[in-house]
1. Quick one: accessible surface of A:Lys575, probe radius 1.4 Å, all protein chains present, in square angstrom to the nearest 10.
2. Please compute the net charge surrounding A:Leu610, taking Lys and Arg as +1 and Asp and Glu as -1 over other residues with Cβ under 15 Å from its Cβ.
3. Give me a comma-separated list of calculated 3J(HN,Hα) values for the stretch B:591-604, in order, Karplus coefficients 6.51, -1.76, 1.60 applied at θ = phi - 60°, integers in Hz, x for any Gly or Pro.
4. What is the distance, in nm, between label points placed 7 Å from the Cα along the Cα-to-Cβ direction at A:Glu110 and at B:Phe278?
5. Any chance you could check the Cα centroid distance between the stretch A:339-393 and the stretch B:221-275 for me, in angstrom?
6. Could you work out the mean count of beta carbons from other protein chains within 10 Å of each residue's beta carbon in A:331-339?
7. Mind listing the long-range amide H neighbours of B:Thr425? Cut-off is under 5 Å, sequence gap 5 or more, other chains count too, H placed in the peptide plane at 1.01 Å from N.
8. Determine, from the Cβ-Cβ distance of B:Ala266 and A:Arg516 and an R0 of 35 Å, the FRET efficiency 1/(1 + (r/R0)^6), rounded to the nearest 0.05.
There are 2 protein chains.
Amino acid sequence: MGDFELLDRDGLARRGRFTTPHGTVETPALLPVVHPDPVRQPVAPEEMRHRLGVRAVITSAYITWRTPPLRAVAEHEGIHGLLRFDGTVMTDSGAFQQHAYGSVEVTPEEIVTFQNAIGTDIATVLDVFTEPDEPHDRTGVALRETVARARASRELRPGLLAVPVQGGLHPDLRAESARAASELGDVLAVGGVVPLMEQYRFPELVRVLASSRPALAPEGVVHLFGTGHPMTFALAALFGVDLFDSSAYHKFARRGSLMTPDGTIALDDVREEICHCFLCRETPLTKLSGLPPEERERRLAYHNLWVCVEEVARVRQAIREGTLWELAERRSAAHPALRAGLREAMSHSEVFLPSEPDSRRAFREVLSESRARPAAQRFRHAVDLYSAGRDERRAILRFPLRPEYLAHLPALDRSGRVLEWESATPFGPVPVELTDVYPVGPYLGIDEYLERPRHRSPSAFREAVLAAIGTGAEFDRDRDWTPAWDERQVARLVEWRYGRAAAPAIADGLRAERSRRTGRLRAMLCDGQPEFVVGTDGLPRPTYRGGARLHGHVGPGRERVVVHDDAVPFVREGKSLFSTFAVRADPALVPGASALLVDESDHYLGVGRLLLAPHEMGRMRRGVAARVTAHARSPPSELEE
Amino acid sequence: MGDFELLDRDGLARRGRFTTPHGTVETPALLPVVHPDPVRQPVAPEEMRHRLGVRAVITSAYITWRTPPLRAVAEHEGIHGLLRFDGTVMTDSGAFQQHAYGSVEVTPEEIVTFQNAIGTDIATVLDVFTEPDEPHDRTGVALRETVARARASRELRPGLLAVPVQGGLHPDLRAESARAASELGDVLAVGGVVPLMEQYRFPELVRVLASSRPALAPEGVVHLFGTGHPMTFALAALFGVDLFDSSAYHKFARRGSLMTPDGTIALDDVREEICHCFLCRETPLTKLSGLPPEERERRLAYHNLWVCVEEVARVRQAIREGTLWELAERRSAAHPALRAGLREAMSHSEVFLPSEPDSRRAFREVLSESRARPAAQRFRHAVDLYSAGRDERRAILRFPLRPEYLAHLPALDRSGRVLEWESATPFGPVPVELTDVYPVGPYLGIDEYLERPRHRSPSAFREAVLAAIGTGAEFDRDRDWTPAWDERQVARLVEWRYGRAAAPAIADGLRAERSRRTGRLRAMLCDGQPEFVVGTDGLPRPTYRGGARLHGHVGPGRERVVVHDDAVPFVREGKSLFSTFAVRADPALVPGASALLVDESDHYLGVGRLLLAPHEMGRMRRGVAARVTAHARSPPSELEE
């Protein structure tokens, strides 16, 4: 397996670093398809590197092999010499030509040996391409042939090897193929999808990714063959695609089409100066039509390429920010077929949930569809579990709840008629104690603007509450943040996070600390010391002391990441826990979660925040599994206001 | 009134040309706010012109007036000399300062005289700004003061004058103010909205525009004060805003915020190369943070400005393409508040419908909200009217209908149980004869991709139809496009377009001509000659012969544009009908519609396609009212395939 280091994540997407013999590639990355013949290539690879920051390209080993003059140069100067490019070069193998023309004159063994000879950084197995609509039996036969070829190629290939994942539209075959590729490949290259993209069959593309992805090794680098259009990058990245490759920038240019992340425009239709890029400074789009056809094609290809490169940078930026779902939703407005693909993705939340971060800055609604994001589905499911078996005497407040009014609710309980309060939210009724928790808490959605706060004062709120339950029950307006309410919210939040069984013990003796300005809970204290800090995501996260408390009350194995003995001294000092030293972890944890760090004898070391999901720990050979947020010598926590 | 010429339109938006003493401005246009003191201005106006194509700016006459050194230069060299800018200069008058500081030291008369003296191209009345939340009475008082000042200013101002429209959130006052401004101003400047934009109160901004717009003179140029954020331009343009102005590019830069049409990003959060503009070639965004604060602010302001300029170009491009609703919907995904604003806009379809074009290339669904566009509402309403009083024996086909199968339906009528067939569409059930008509016909929506065609052959379709009505009725699969069906579709399309009363006479003797490839109706012929041509929008449009037929059967006044005698010889030769020669028109016509052109004695001249709405004809002093599409000497029509 190659060296892949994960740095940030969102959905299944990973921002990371992939090290190859010719340098490190920041992922997700676009590998432009480059023709091995410089005369047929509209933008020179070195210019891509110099002007667009492209660090890796893909070219055809097969075309090089079958074209004597190219082959001679490649055998003599290497593929890097032929392309005059010093970055990472991936080569493909003729599978496309084999499919298009029925056969190629080269054997799978010959082409991998040739790729070795020309010094490619990432060689590709000559696989058997199947059309999406091929039946199960034929697809299965082709797939097994691909696996046999991959096995033979692996024997011959000491360096990085890309193994294609085939299987057409058959989920079981995709999964089988993904498992086989994971055993043999460094780069796991999902193939056979170009027809789906060309025909805008995005829901089916999504089903292919959804059935392949869970079976792919987390330590592998995921490639998607032929992801050409920038409008699709965010969606593909959501499924953990690390490398895109495409010749679409050139193909679209050949037919006079301008690519944008919002769709395609015919160059001839462009009549306004809609672009101020560095290329349009030289020749605006509106003037390209007047150029000789070859020059026009070359410039348009260059333009399309930078649009793609820029969009991949936006995808990386979104992964850093935790806004990739937002970006994918925004892009899905480019075409109804893409929006249908996004909806399909949301229907596969089980694929996302094991690595979907536990919270983000805010839940921002982009489309109506946003409310079906996996994080929202997880939340709703957890609320249903949480509420199951509770007292039936509930009242639902049919308006948004502001934290400064929460305190008034328990007072109303004196009527004895309502024990559980729920607030209407965009995600359905939610117990009021949880209305600060992500995604409800920092929720930025359309409701907020359509229904501006109706209750501008506590008394107006009181009236509304009284109307909701139809009673004149007593209401003590002077007792803000009553101790009873404080106690209740602490108990309920602890229960939300750590379960009903352990909650009473954990919550025992904890006192609520609230923001004076907003009334929001911001910490849980014992003897004046914070044991849990509550961030803007509304989740309680243990301090060092809180971790010790937790350690005594949840177990065995629960909420824990077990640290290898060799790493214990470093973790004790607050150094990050690296993947290779994470022995095992509670499988219920997700990235972003705060967990207990313990040694192999379950001694408590501190608290860490997960970057990797439990199933990835140990398998990733580089990088951090968890960042230590509290250890014995941590400075006292600062509370967010 | 100034000279404004309309060239293309969409929604209420207009692409046009506005002529001023210092050149012509292509609208919609952004007028960057420029500080009169060059030292305080981050980007020089001449550089804006040279590098961004900015043809017009706005600056403060009041600040110039009250700052002796600036005033001296302006009085000596004119405002163009002070700004060192040779394009159009609009000046504002201190209303903002008057509002912010309670008063200004200049009278409304003085400041307009000063604006005359310094040679401004567009002077602005010193109006009385009111906050959106001011009550009706105070807003009304302020408004009447604004009108009085506007009247006095008009007396003093020979050149172009901008008259603000105030009225807060009160629809009646906005309409009153808009009417008053329309009588006095060349530029009708909707004001008092900056607080709404700053607080993201877009639904209220939309209500202001919806109540002002219908009362604004169509020949006036509409300005919206302080439309600063590029994400809002498409929405504002939909309401017919021709000029935006804003200092937001600079204000945002001051607080380190990067503007994009998809929202705002803190510069410090930008960690990837997400931009390849000409400025980022010099210094990438990721490097700006390292610059000295002033330089950083200057460069960020420049960057923000080009983003705004580019977005306005995209708005103009979208108006040309007829895709402005799509663009506004896409942009609305930038922020939930903006999406709420868009929904509000759709709830004011009555404001759009008089000038909403009758069809576009295709109805492309961007968001779920798209189906509420005014054109869709108009269609639904027309279908309801069309279906009212028809036979109750209807059957609704709960699947998409493909034109090549339509022929099979009348055969089923033999069962005697179904007389009217409707097809389920994204816009509700629609009579099958109309399923090729915009917006149903060229519909590009999510259904199409979620529910791929289920009926791949006529026989599968037959089974589905039989299942739909639950009968084994006879089905004649050999009789494609039966004469009965042809006759029926022709009759129904004519009725759809020209009404039930006139239809039988108009349709008499017309024969259907279909595309051999798709089965779609493409013309209606009589004696082998096309009398109506049916385009991809499914609407019948008369040829010269068809117009003559129509002329005999609809009237009086209906479907007609009356041509002034002086223009009759030109129109007969196929020259465009100019606005000033359009005497009157059937008020039921909308832009894009094909209408009969007649002289003042109702002699038939030919057929024209409307660019202006009837209520705009004659009032616009420049430009085309209708393009002549068929006249006595037209070459024979070519049919679309």
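1. Number for this one is 110 Å².
2. Summing Lys and Arg as +1 and Asp and Glu as -1 gives +3.
3. x, x, 6, 8, 9, 7, 9, 10, 7, 5, 9, 6, 7, 6
4. In this crude label model, A:Glu110 to B:Phe278 measures out at 5.3 nm.
5. Rounded to whole Å, the Cα centres lie 32 Å apart.
6. That average works out to 6.
7. Those qualifying (amide H under 5 Å, at least 5 residues apart or on another chain) are B:Val430.
8. Numbers: r = 27 Å, r/R0 = 0.76.
That pair, B:Ala266 with A:Arg516, gives E of 0.85.
The values are calculated or read from the model by the stated rules, or taken from the named source; none is laboratory data. As the structure is a prediction and not an experimental result, all values here were calculated from the model. Methodologically, a virtual Cβ is constructed for each residue, glycine included, from the backbone with ideal geometry; neighbour enumeration extends over all protein chains shown. Please note that ligands, DNA and RNA were not included when accessible areas were found on the heavy atoms of the full protein model with its side chains. Shrake-Rupley method; radii C 1.70, N 1.55, O 1.52, S 1.80 Å.
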